[in-house]
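Before any comments, here is the structure.
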Amino acid sequence: MVVSVAGAEEISAPRKLKIGVIVPLTGGVATWGTSVRNPIEVTNAESENPAELLFEDEETCSATKALSAFRILQSVKNVDIIIASCLEGGQAIASLAKASKLPFFISGRSSRDFQDRNPNALSWLSLLDYEGEAIGKLILEKKWNSGAALVWMGYFGVQFADGI
């Protein structure tokens, strides 16, 4: 915290965005979980304004573990955004994320019906143009002035970026 010369005002740096990531870090698919975690960490570290990343283990893509991880990230760690790396976990937490108005991203495929029922849930691997439009609407609703998107190279990344 910085105090102005006159001492009348306090100016503080903006709070870092807190991103909760639910990913399998142990169990039979831990290698895949690491392949999800590593690029998130590298991209975040290279960002001009890195977020605070908070990882929670969902073991072998367990819906039960994802629910526990969500509760910890939401209630204890007070994250701003959730990333669910397994579709099972994303579907399990969808209603809780919707009720709390917490935006979350799912790295698994989802259906348009799932997206319609959970407008705060955005899947990275399907409905990319639709999701880009949904992200644009979310940005407008939240009145965010700036942000960043992690977009991978290749067809899916281009389709996603075009949607936004």
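A short reminder: the numbers here are calculations on the coordinates, not readings from a lab. Owing to the predicted nature of the structure, the values given are computational and were not obtained by experimental measurement. With ideal geometry, Cβ positions are generated from the backbone for all residues, glycine too; neighbour counts draw on all protein chains shown.
Laid out as a table, the results:
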quantity	calculated
Coil-residue trypsin sites (Lys or Arg not before Pro) of the stretch 47-102, DSSP, other Cβ within 10 Å capped at 15	Lys77, Lys101
Interchain or long-range residues, amide H under 5 Å from Ile83's placed H	Gly20, Val21, Ile22, Phe105
Listed pairs Lys16/Lys142; Lys77/Lys98; Lys18/Lys101; Lys65/Lys98; Lys77/Lys143 exceeding 22 Å between Cα atoms	Lys77/Lys143
5 angstrom amide H check on Ala51, placed H, neighbours 5+ away	none
